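Notes follow once the structure below has been shown.
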Amino acid sequence: MMSGKVLMEEARVEEHGQCGKELVIIRTVKPTGAMIDRMGRIISDLPGREVIISANLPSIGTTSAETPQERKARQEKQVAYRERRRALEEEHHDPKPVLLESGSHRGHTHRKSNSPYMQVANDAIDAIKEAQDRLVDAFGERVYLYNDSMLVEALPSLRKVPQHWDVTSHLWSYGYNFHDEAIYVAVKQFETRTGRIFDGCGLWVIEDDLEYSGNWREILDKYSGKGDLVSLVSPECPCQFTDMRWQFFTSKMFQSNFQFQSAGDLGFVMKHSEHIVYYSRNFLRLLHRELENGVHAHSEMGTPTICRVNGCKMESINLEEYDYADGYYTWPGVTRDEHSQKEFQARVEALRANHTSRFVHPCKY
């Protein structure tokens with residue numbers, strides 16, 4: 001709950017219609033040393049903006065209200081969906097990637113478990129905590145930690161939506177699919193820590209595996225305020241909701257109220273890349289009200305759809321800002337991932353040496 005001081009500050013901002021510095025949130029889970037260096041460059045390039053880092057700690061157990069029976073039924077539908085997609089792709093001889101679900105922690109202890117699956121999860125959590133400790137060492141008060149319990153406490157309706165389960169680490173996470181909900185909590189944490197309402201003219205969100213070979217201030221200045229939502233809008237959309245693999249990670253409120261009409265037919269949604277996204281102050285507030293009212297969807301689909309249905313202005317970042325032509329910006333609908341991480345790293349260095357500014361993704365090295 002916000003303090004009286006924060007509430008008074010919110011009233012003052014509303015009354016005078018003022019806005020302050022933009023806020024930039026860098027989202028991460030298990031940052032590498034190179035990612036931490038990248039975050040340092042972003043902070044250095046953006047002296048006129050407030051930059052914070054939001055780090056997600058996944059869960060060993062689920063916090064979703066989805067029962068085992070409901071989970072089994074959903075997974076069966078997902079299998080049927082994937083088989084249908086594969087059949088369509090083979091029929092049209094146009095294969096597309098179908099992606100499957102796949103503060104400080106000082107003093108945490110390593111746990112041993114008789115279950116090999118639980119041991120994998122424990123080891124994964126320990127590795128994430130160690131990486132996040134290094135993050136706190138590097139950036140101190142800029143770092144905000146959160147977990148699934150914090151998300152469902154802030155937005156109780158989220159419990160009715162399935163969580164992502166990672167098949168490799170055996171960890172659960174709402175933050176994996178629901179970025180807007182994580183951003184909601186990060187903004188609230190920022191307000192609590194600073195003791196003032198966020199009054200910036202807009203918000204930028206950057207993923208930790210997105211690299212930019214130019215100056216971050218120049219690219220953000222170029223697109224700030226160009227729309228209520230600024231991102232890379234998918235050239236494939238509008239898309240049929242039932243064709244989206246994310247349909248299984250939506251609330252009933254989203255399913256009932258946020259499918260729009262296109263070419264005379266109902267049931268359409270939008271899709272965008274969320275590696276870098278700008279939210280205007282007004283759209284951010286509208287979006288947060290929708291979340292509070294129980295509207296939840298995988299954010300790559302949910303954010304642009306909520307924007308369109310509410311009549312807000314959506315602007316796309318020019319595709320030429322992305323190093324996609326040679327496969328160094330990968331995202332379904334744009335290009336596939338065909339390079340090793342060493343090649344990605346060399347590409348970024350070559351672009352910088354050539355004074356060429358492009359987004360490169362994924363840079364997980």
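The values are calculated or read from the model by the stated rules, or taken from the named source; none is laboratory data. These numbers come from a predicted model, not from an experiment. Each accessible area value is taken on the protein alone, full model and side chains, heavy atoms only, with ligands, DNA and RNA left out. Shrake-Rupley method; radii C 1.70, N 1.55, O 1.52, S 1.80 Å.
Structure values in brief
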{"read-out": "Surface share of carbon and sulfur [accessible, 1.4 angstrom probe, percent] for region 128-270", "value": "48"}
{"read-out": "Compactness index (Cα Rg / 2.2 N^0.38 Å), region 133-205", "value": "1.24"}
{"read-out": "Rounded, prolate or oblate (a/c below 1.5 giving rounded, otherwise prolate when a/b exceeds b/c) for region 177-220 by Cα gyration tensor", "value": "oblate"}
{"read-out": "Shape of region 213-318, Cα gyration tensor, a/c cut at 1.5", "value": "prolate"}
{"read-out": "Where region 228-333 is the region considered: accessible area per residue in Å², 1.4 Å probe", "value": "37"}
{"read-out": "Rounded to whole Hz, the Karplus (6.51, -1.76, 1.60) HN-Hα couplings of region 67-75, x for glycine and proline", "value": "7, x, 5, 5, 5, 5, 5, 5, 5"}
{"read-out": "Overall form of region 274-340 per C-alpha gyration tensor (a/c, 1.5; a/b vs b/c)", "value": "prolate"}
